[in-house]
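Inspection log for the structure reproduced underneath, given as C-alpha cells.
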Amino acid sequence: MFWIYVGKGKAVLHMARCEDCNFGLGKSGSVDLSGKWEGPFELVEDVRPPQELKLKPCPKCQPLVDR
Ligand SMILES: [Zn+2]
C-alpha cells in the first residue's frame with residue numbers, strides 16, 4: 001500500500017510501512033499539523049496527488065523501486 005504526504009507545496013509518495021509514513025500516522029504516531037496524509041492507495045497507479053503538486057518519491061522507502 002501507498003500513502004502520500006501533502007505539505008506546503010509538495011506531495012511525497014511513501015510505502016505504508018515506511019517509518020516516516022507509519023501507515024498514515026506519521027513518524028510520531030500523531031497528527032502533524034504542517035501537512036496531512038492521504039491514502040491508503042492499493043496501487044501506485046491509483047495515487048492521485050493534489051492538483052499543482054509534483055509527486056516525489058520518498059528517498060527512504062523508495063516506493064517506486066522496492067515494490
Ligand atoms: Zn517513505
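The values are calculated or read from the model by the stated rules, or taken from the named source; none is laboratory data. All values reported here derive from a predicted model rather than from experimental measurement. With ideal geometry, Cβ positions are generated from the backbone for all residues, glycine too; neighbour counts draw on all protein chains shown.
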query = Which of the residues belonging to the stretch 47-61 are assigned to a loop (DSSP other than H, G, I, E, B) and in contact (Cβ under 8 Å) with a residue 40 or more places away in the chain?
reply = Val47, Pro49, Pro50, Leu53, Lys54, Cys58, Lys60, Cys61
Meets criteria (within 11 Å of the ligand (Cβ to nearest atom), among the β-branched types (Val, Ile, Thr) and either within 16 Å of Val65 (Cα to Cα) or surrounded by fewer than 16 Cβ atoms within 10 Å (Cβ to Cβ) (or both)) for Val12 = yes
ask   = Of the conditions (1) among the hydrophobic types (A, V, I, L, M, F, W, C); (2) over 18 Å from Leu64 (Cβ atoms); (3) not in a loop (DSSP other than H, G, I, E, B), Leu25 fails just one. Which one is it?
value = (3)
ask   = Restricted to the stretch 15-54, and to residues that are more than 13 Å from the ligand (Cβ to nearest atom) and of a type in the set (Asp, Glu), which residue is modelled with the lowest pLDDT?
value = Asp32
